[in-house]
1. Do you know which residues across the range 1-20 are modelled with pLDDT of 95 or more and open to solvent by 10 Å² or more (accessible area, probe 1.4 Å)?
2. In the range 310-330, how many are in a helix (DSSP H, G or I), touching a residue at least 12 places away in the same chain (Cβ under 8 Å) and open to solvent by 40 Å² or more (accessible area, probe 1.4 Å)?
3. Within the range 254-310, which residues are within 24 Å of residue 494 (Cβ to Cβ), β-branched (Val, Ile, Thr) and away from the ligand (no atom under 16 Å from the Cβ)?
4. Given the structure, is residue 363 within 11 Å of the ligand (Cβ to nearest atom), closer than 14 Å to residue 302 by Cα, within 19 Å of the chain's Cα centre (by Cα) and outside any loop (DSSP other than H, G, I, E, B)?
5. Enumerate the pairs (first residue in the range 51-69 and at positive phi; second residue anywhere and part of a strand (DSSP E or B)) with beta-carbon separation below 7 Å, excluding pairs fewer than 6 apart on the same chain, so at least 6 apart or on different chains.
6. Considering only residues that are assigned to a loop (DSSP other than H, G, I, E, B), within 16 Å of the ligand (Cβ to nearest atom) and either open to solvent by 10 Å² or more (accessible area, probe 1.4 Å) or of a type in the set (S, T, N, Q) (or both), which ones fall in the range 555-600?
7. Please return the ranges of helices (runs of 4 or more DSSP H) entirely within the range 188-301 where 3 or more residues are surrounded by 13 or more Cβ atoms within 10 Å (Cβ to Cβ).
8. Hey, could you check the range 534-554 for residues that are assigned to a strand (DSSP E or B) and among the β-branched types (Val, Ile, Thr) and say which is nearest to residue 435 (Cα to Cα)?
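The values are calculated or read from the model by the stated rules, or taken from the named source; none is laboratory data. Quantities reported herein were computed from a predicted structural model and do not represent experimental measurements. Positions of Cβ are generated from backbone atoms using ideal geometry, with glycine treated the same way; all protein chains shown enter the neighbour counts. Calculation scope for accessible area: heavy atoms of the full protein, side chains included, ligands and nucleic acids excluded. Shrake-Rupley method; radii C 1.70, N 1.55, O 1.52, S 1.80 Å.
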Amino acid sequence: MCGIVGYVGEQPALDVVVEGLRRLEYRGYDSSGVAVLGDAGLQVERRAGKLANLDAALAGHAMPGTLGIGHTRWATHGAPTDRNAHPHTDCTGALAIVHNGTIENFAELRDGLERRGHELSSDTDTEAVAHLLEERYAQQETQGDLAAAVRAVCADLEGSFVLVVAHRDHPDLVIGARRNLPLVVGLGEGENFLASDVTAFISHTREARSLDQDQVVELRRTGVRVTDLAGTEVDGDQFHVDWDTAAAEKGGFEYFMLKEIQEQPEAVSETIGGRIGVDGRLTLDELSISDEDIRGFEKVFIVAAGSSYHSGLIGKYAIERWCRLPVEVEMSSEFRYRDPVLDRHTLVIAISQSGETADTLEAVRHAREQRAWVLTISNTVGSSMARESDAAFYTRGGPEVAVASTKAVMTQLAAVYLVGLYLAQVRGTRDEDEVRSHFRDLATIPALIEDVLGRMDGVRKLARELSDQDRVLFLGRHVGYPMALEGALKLKELAYISAEGMPAGEIKHGPIALIDKGTPVVVLATRHALQPKLVTNVQEIRARGARTVVIATDGDDSATPYADHLIRLPDTKSLLSPMLTLVPLQVFAAEFAMARGLDVDQPRNLAKSVTVE
Ligand code: G6P
């Protein structure tokens, strides 16, 4: 997501901060900005686009000073424009703030601020925090005490955030605060640093200190003080960083893909965060199609490519189940060429991590020409697809660097469930209690993914054991089928072997001829209504010599007698189970490919974003 840097010391702060931002570029961003405090006061410069745009602006703007903060923004609230770029300031320009994360109660806070006479000039949730801080700083209890004001504001915020603040009254103080997102302290001699990760400051110091949840750090030239939100000073863990820059970017993982798999609980929390409004109803701010038009939909098409297409297949199950609307899912490269029947009562949902895939973009254009409504589900705010659609729903999964998609797919799954529930709520096909109950189930998923991630040693061992095989089959039924396709695609992309995903019920009609003695077959056999039939399918392939890898729910032993290898997952509602089965499939493919000595971040012949048809 966003990158944050804070500095106070003896060096020109602008140089240190911009260099830090440059080292954080790998996190992905679409605008950047800095604030420096010096003799000329607190100065701010910010620009949409890459750091080169900021550099150009800074070339004509001297910003002397030895205290600074900086930000690379990856847009979530509001488009990536100059106006929305950080730092944000309060009404008086006395303080500047940078922020990473999502403030869930932002609409409420902003309403209150506007009622009290504050003028907000951006679409961001961050700017509201700047004005809240202005109020707290002026209030009697915290007057003039910047750290106390930040602590008081943090207590009022819901959601996840890292905040870094500078104030013109405090030439030797940078304040940082964190909840759920990363912020580390770099400890130097006569200078100290704050950053989203150690990459930003390891050219200056390798001594660092971590911060826990809801802690506030006061950074001065000569030292660092950390408190909890009640103001009590706390001890922290100091550590020495011996990673080089490349390892630091990957958080110590060998590949970005492994880091991105690990980031999935946090990514899903971002996707589902802030979606329940004050009235207890599901709200999707970015959906700008009226309730009346939503009630008029008669059918839905989902168009997507690659892994996003598999998320679309899951969307079909969710929307048909909850909304009783017919849904067709089509690969975007085929969609417009068969002249699909579209009209004003059709909703076309385009799913695309990048929002730039040419096949899907052309499908969007075709759908709009035919007067259908288009909703884009994308990870990229302001992408071509989002701009050309009637509405956009952002997955907020954070930048994905590895070519093969992992956390982007995971957040797309959360998004299709949310869109399905939203449509059901508006169309009245599910009552509010039921929508809330499904949402609550979805909200348990990040912790369950965390649990699954902790169980992956056996999967890695199995992948290494099987890595000499030159084909693997994946079987699933119902929502397990699209995940079987995704498991196979991951293995093809990363390990360059033949892998096929199939509906388990279909194998007896042909594919069973592929089964030979020792053929590895991964069976997605988590608990669901079709499971007895799936167990029969497992028996059929095992009788023909298959080496079965069975993915089963904790406590369910119906398929385990036919498992040569068993992978256990925690229980969840069967419709949501793809968000758990996806994890061992990703880990299996990555480990399988690494055991073959392959680069899993940059598989041969593949591109992250395919902008040609
Ligand atoms: C490329 C990538 C895939 C991705 C597909 C769709 O082929 O290699 O990982 O699933 O594009 O990308 P999109 O950005 O539209 O989701």
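1. Within the range 1-20, 10, 11, 12, 14, 15, 18, 19 qualify.
2. Result for the range 310-330: 3.
3. Scanning the range 254-310 gives a single hit, 268.
4. Judged against the criteria, residue 363 is not a match.
5. So the pair list comes out as 65/36; 65/37; 65/38.
6. Matches in the range 555-600: 598, 599.
7. Once the helices (runs of 4 or more DSSP H) in the range 188-301 are filtered for at least 3 residues that are surrounded by 13 or more Cβ atoms within 10 Å (Cβ to Cβ), what remains is 245-249, 256-262, 264-272.
8. 553
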